[in-house]
Amino acid sequence: MKVTNKRISAALLACVALTTFSGVQAAFDEHLDHYQLDTKVVKGDRSKDQFGNTVTEQSYYRTGGDVKVITRDEIEKRHYADLTEAIKRIPGITFHNPGYRGGEYGFQFFNNGISINGDTRVIIMVDGRRVDNSTSTRIAGSSESGSKSTGVNLDQVININAVDKIEVIKGPGASVYGSDATGGVINIITRKGSAINQGTVDISTGTWGKHNYDLSYSGSVGNDNSLHYYIGLHRVMSGDTKYRDGHTGDIGILGGSRFDERGANVRVDKDFSDTQRLTVSINHQQGKDGYPISTPNLKYWNKKDWNQIIFKAAVGERDEDGKLILNEDYSGDYENENKYKVVQNEKGNPAYHNLFALDGFGYNSYSKYKNNDVDVKYTFDRQSDMESFVRFYRQSHQYLSSDKYAWVLHDDGISNLAFNKVGDQFTKDFPDGAKDGALLDAWIAKNLAPFPGDSKAALEEWVAKTGGKAQDPRHYYDERKRGVQLQVARSIGKHDIIGNISYDKDQNDHVYQTSKGTVKTFVKRNSLYGYVQDKIHVNDQFDITPAIRFVRYSDYVDNSKKSLGGSTHVVTPSLNLQYQLHDGSTVYTGWTKVLRPLRSGDYVSAYDGTKTNLKDEKGNVYTVGYQKVFNKKLL
């Protein structure tokens, strides 16, 4: 598919000096009274460059455009609970969130998906390193917009207590971020050990049984204080949340939405000189998140409607005499076909999705994740705040989910056998049919799942009769990434030149148990990235940044060593300009050629070798903008 995406964005950071808007600028781009960048101390307005852009440890990558920076000072003042809460305040950022954290692997296109200015092709980075995995199928092609995402759940990347700053770059930005970052980039910069030893404890609680615990300790050791360290521990948990029903406006309980997530972060920096440093970062995140599937429609959330819905979906539709209607398409396969005309859709069975509440309310369906990331970076030179370094990194992200429900007795969740048997039982018990009334209600209470919003004891009894609550599944997915990166940066006259090359080996293992033992299937893909960027400082008011990027993606290869296709390579140039006007405002413009390669999630199945005629997405992105920052005193 070939697309051309022209974006014209004009960002006036403070249009009018109205009191109502006086806090908007501070919300995501605060001036710092005291800002430390390694060995340099910048005070007052020098926390911004001449173009009005906030300076960070990695701002030398940027080439102009619409950039917002959330500082540690703001994170602490506003007491953000997670990355989502911090970032969603920025105009143009949208999160697609169902109201709960759990989800099945491969069907998570709606779980905390991010879009910037309507584009879901957003890259997530930690300290300038991409954290997505090209073989991930967490987000499958069942969503036209969701399938464009890289599959990273922002709140599972790192806990916010370990975050120093967050850069949000709208649009493709610089070449370093990748030729597929058409929507934008979110770069999370982690905290470094402080000059003095200090610890913090942060405990908070709220409604719905939500509790948050953060513990951190940082400092430096050695005669010259050249060894800095940061250690952080985090835990957040919540009971079932509430929601406002869109049909009735009433408040309901989202059964099974409880969660418990924990994390630990360690960062150690050893400064050998002003230009040489070794940094080791370790990040561990894990969680067990409730999976309630969907929010009930409260208009039909009562015992009478529940009985009608579940009977129609599990037993079948009745005729005027109260007899079951046979399925016209039934060919005699009693195990795999519906003998009776069951209705499992909203059109013929309004609020059919209310039955999914059984998963969370009764069986406590859930998903788990466990992430372990290690990043080792050696900076061997620094010129004009640009780093030359070599980096090694490794990621292991495991995901599993357990979704259980039983509408009828002996329901295995796979075959139609139990549904046909309960239909036969109804026909036997009511040969002349049964209409609504006490007899039918009694039969439903005996043979079908009870209304979750009624008797807790009856629900627990039903769960026990149908095998108990959701247990740990016998399969999981393990997304792994290993990579190496080399960057050389030089400042030569008016030119700040950066050359970078990185190589990633991505793999996605599906591990499951069978009667014959453990079976593992996998998909692999290797990626080679390279770019050269030259930021030319024409004068104090004008920068021009040409760049060229090369990328090569190998074929997807499965455990049979069979190629699934997907190999591609491309060279993508870009050109960005920014100019400071006499009144201190800035205009910027840019052009970037982009490529979004096919990902595993774009295929119907990456594991069975399914072929498709999909093609890589190519196009051009144009950006034009205007930026004006007013002095805080004028506001």
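So, residue 158, is that one buried (at least 23 other Cβ atoms within 10 Å of the Cβ), part of a loop (DSSP other than H, G, I, E, B) and modelled with pLDDT of 90 or more or not? Steps first, answer last, please.
On the way: buried (at least 23 other Cβ atoms within 10 Å of the Cβ): yes; part of a loop (DSSP other than H, G, I, E, B): yes; modelled with pLDDT of 90 or more: yes.
In short, yes.
Conditions (1) in a helix (DSSP H, G or I); (2) farther than 24 Å from residue 157 by Cβ; (3) of a type in the set (A, V, I, L, M), marked per residue:
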| residue | (1), (2), (3) |
| --- | --- |
| 439 | yes, yes, yes |
| 450 | no, yes, no |
| 467 | no, yes, no |
| 472 | no, yes, no |
| 498 | no, yes, yes |
| 502 | no, no, no |
| 508 | no, no, no |
Counting only residues that are surrounded by fewer than 21 Cβ atoms within 10 Å (Cβ to Cβ) and under 30 Å from residue 462 (Cβ atoms), the range 365-399 contains a total of 1
Conditions (1) in contact with a strand residue (DSSP E or B) (Cβ under 8 Å, 6 or more places away or on another chain); (2) outside any loop (DSSP other than H, G, I, E, B); (3) among the charged types (D, E, K, R) -> residue 274 fails only (2)
Scanning the range 46-96 residue by residue, the ones that are within 21 Å of the chain's Cα centre (by Cα), surrounded by fewer than 17 Cβ atoms within 10 Å (Cβ to Cβ) and in a helix (DSSP H, G or I) total 1
Quick one: would you say residue 411 is buried (at least 21 other Cβ atoms within 10 Å of the Cβ), charged (D, E, K, R) and closer than 30 Å to residue 367 by Cα?
yes
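Looking only at the range 459-481, which residues are touching an Asp or Glu at 6+ places or on another chain (Cβ under 6 Å) and either under 21 Å from residue 298 (Cα atoms) or buried (at least 18 other Cβ atoms within 10 Å of the Cβ) (or both)? Steps first, answer last, please.
Residues of the range 459-481 that are touching an Asp or Glu at 6+ places or on another chain (Cβ under 6 Å), as a first pass: 478, 481.
Hit for the range 459-481 is 481, nothing else.
Yes or no: residue 177 of a type in the set (Phe, Trp, Tyr), assigned by TED's automatic domain parsing to the domain that holds residue 133, at pLDDT 95 or above and within 25 Å of residue 61 (Cβ to Cβ)? I'd like the intermediate steps shown before the answer.
Details: of a type in the set (Phe, Trp, Tyr): yes; assigned by TED's automatic domain parsing to the domain that holds residue 133: yes; at pLDDT 95 or above: no; within 25 Å of residue 61 (Cβ to Cβ): yes.
For residue 177, the condition - of a type in the set (Phe, Trp, Tyr), assigned by TED's automatic domain parsing to the domain that holds residue 133, at pLDDT 95 or above and within 25 Å of residue 61 (Cβ to Cβ) - is not met.
So if I check each of 337, 346, which one is surrounded by fewer than 20 Cβ atoms within 10 Å (Cβ to Cβ), free of Cβ contacts under 8 Å to residues at least 40 places away in the same chain and not in a strand (DSSP E or B)? Spell out how you get there, then give the answer.
Details: 337 fails: free of Cβ contacts under 8 Å to residues at least 40 places away in the same chain.
Every option except 346 fails the conditions.
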Given the conditions (1) modelled with pLDDT of 90 or more; (2) over 30 Å from residue 270 (Cα atoms); (3) not small (Gly, Ala, Ser), every one holds for residue 391 apart from (2)
Checked pairs for the range 112-134, first more than 14 Å from residue 157 (Cα to Cα), second modelled with pLDDT of 85 or more and among the charged types (D, E, K, R), C-beta under 9 Å and 6 or more apart or across chains, list as 116/170; 117/170; 134/481; 134/504; 134/506; 134/525
The condition of being within 30 Å of residue 576 (Cα to Cα), assigned by TED's automatic domain parsing to the domain that holds residue 588 and in a strand (DSSP E or B) holds, among 201, 185, only for 185
Contact list, first residue from the range 272-287 and assigned by TED's automatic domain parsing to the domain that holds residue 153 and surrounded by fewer than 16 Cβ atoms within 10 Å (Cβ to Cβ), second anywhere and in a strand (DSSP E or B) and of a type in the set (D, E, K, R), beta-carbon distance below 6 Å, six or more apart or interchain, is 275/381; 275/382
**Request:** Inspect the range 191-204 for any residue being hydrophobic (A, V, I, L, M, F, W, C), touching a Gly at 6+ places or on another chain (Cβ under 8 Å) and over 26 Å from residue 58 (Cα atoms) and give the result as yes or no.
**Result:** no
The residue that is farthest from the chain's Cα centre (by Cα), considering only those in the range 441-458 that are surrounded by fewer than 20 Cβ atoms within 10 Å (Cβ to Cβ) and in contact (Cβ under 8 Å) with a residue 24 or more places away in the chain, is 441
Scanning the range 244-259 residue by residue, the ones that are surrounded by fewer than 17 Cβ atoms within 10 Å (Cβ to Cβ) and not small (Gly, Ala, Ser) total 6
Flagged in the range 289-309 as surrounded by 18 or more Cβ atoms within 10 Å (Cβ to Cβ) and within 30 Å of residue 399 (Cα to Cα), in numbering order, are 289, 290, 291, 292, 293, 295, 296, 297
The condition of being closer than 26 Å to residue 532 by Cβ, modelled with pLDDT of 90 or more and in contact with a strand residue (DSSP E or B) (Cβ under 8 Å, 6 or more places away or on another chain) holds, among 586, 592, 545, 568, only for 545
Every listed condition ((1) within 21 Å of residue 419 (Cα to Cα); (2) at pLDDT below 95) holds for residue 293 save (1)
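The values are calculated or read from the model by the stated rules, or taken from the named source; none is laboratory data. Keep in mind that this is a model prediction, so the values were computed, not measured. When we count neighbours, we look across all protein chains shown, and the Cβ atoms used for this are built from the backbone with ideal geometry, even at glycine.
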